[in-house]
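Comments concern the structure below.
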Amino acid sequence: KTSPRMREVMTSLTRHLHDFAREVELTVDEWTEGVALLNWAGQMSNERRNEGQLVCDIVGLETLVDEITYKKASEATDLATQSAILGPFFQTDHKVRKKGESVIEKLPEDAQVAYVHGQVVDATSKKPIANASIDIWEASTNGLYEQQDAEQPKSNLCGKYYTDENGEYAFYCLRPTPYPIPYDGPAGKLLQLLDRHPYRPAHIHLIVLAEGYKPITTQIFDKSSKYLDNDSVFAVKDSLVVEFLPRDGDDKAKNQLKYDIHMAPL
Ligand code: DHB
Ligand code: FE
């Protein structure tokens, strides 16, 4: 839709594209290859595969846009939990699960289970926030999210939780493992041509929402994971790196993580 903002964005995009072509002296053949790559990305994409997003992500564009958006949104407080990119695998219809329930519906043989718990609090007053929702999703040990993998039952490794009256949440999940982003398409081809690996460090995705607070889309990263300093999609922030500890006396999980989430008032 035409608007002053739309004109501003398109005018600037066009100017920068022209500058880019002049700077590298882009040839017709090279431009044709670029167009073929865009078309390939479009052809590959469906509800389970967002190749356009992957291509943006490997050049850091989603991370940059995330940074710009939330810098603007959170001038009021630097105390809140930092954001990180949504990524291509969020599903909007996560099963609502009770506090303490597991997201694991099919346990892979090579998996470690973790108990993750903590409090959602007001970033300034530190008062607990009751009834905040926490969506979480993660890949299995084969590197695939439920919707990418016919072998996983629906709702495996994802869920939506609500904090109790003390602002507390808890769930069991897989201790996350590093895995490659899908690399059999144009994003993978580009990584290969640039001698880059497709791996992401072990992470869990979160979206936290509470009435009267700024929404948080983020990821937490396992401190012991490989690829923390060379994530293929540039999403790692120091404050989002967490330490899983051994857990005793719980036959459901050998690992645990206490993680509090700090929300900025609207
Ligand atoms: C991307 C993000 C993810 O969290 C993931 O699991 C795979 C890919 C991405 O940003 O492209
Ligand atoms: Fe992910």
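Quick notes on this structure:
- Within region 53-74, residues that are closer than 30 Å to Thr124 by Cα have Cβ atoms under 9 Å from residues that are at pLDDT 95 or above and aromatic (Phe, Trp, Tyr) in these pairs: Glu62/Phe234; Thr63/Phe234; Leu64/Phe234, counting only partners at least 6 apart in sequence or on another chain.
- Evaluating Asp251 against the criteria (1) in contact (Cβ under 8 Å) with a residue 40 or more places away in the chain; (2) surrounded by fewer than 16 Cβ atoms within 10 Å (Cβ to Cβ) leaves one unmet condition, (1).
- Within region 2-57, the set of residues being exposed (fewer than 14 other Cβ atoms within 10 Å of the Cβ) and acidic (Asp, Glu) comprises Glu8, Asp19, Glu23, Glu25, Asp29, Glu30, Glu33, Glu47.
- Qualifying residue in region 82-96 (condition: surrounded by fewer than 18 Cβ atoms within 10 Å (Cβ to Cβ), touching a Gly at 6+ places or on another chain (Cβ under 6 Å) and within 29 Å of Val241 (Cβ to Cβ)): yes
- Unique match (being more than 24 Å from Thr163 (Cβ to Cβ) and surrounded by 14 or more Cβ atoms within 10 Å (Cβ to Cβ)) among Glu101, Glu67, Glu105: Glu67
- Residues of region 168-209 satisfying the condition of being buried (at least 21 other Cβ atoms within 10 Å of the Cβ), more than 19 Å from the chain's Cα centre (by Cα) and not aromatic (Phe, Trp, Tyr): Pro186
- Tally of residues being more than 16 Å from ligand 2 (Cβ to nearest atom) and either within 15 Å of the chain's Cα centre (by Cα) or not hydrophobic (A, V, I, L, M, F, W, C) (or both) across region 29-54: 12
- Search result, residues across region 210-247 that are away from ligand 1 (no atom under 16 Å from the Cβ) and in contact with a helix residue (DSSP H, G or I) (Cβ under 7 Å, 6 or more places away or on another chain): Lys214
- Whichever residue in region 178-197 is free of Cβ contacts under 8 Å to residues at least 40 places away in the same chain and in a loop (DSSP other than H, G, I, E, B) and, among such residues, is farthest from ligand 1 (Cβ to nearest atom): Asp195
The values are calculated or read from the model by the stated rules, or taken from the named source; none is laboratory data. Keep in mind the model is a prediction, meaning the values are calculated, not measured. For neighbour counting, all protein chains shown are included, and Cβ atoms are generated from backbone atoms with ideal geometry for every residue, glycine included.
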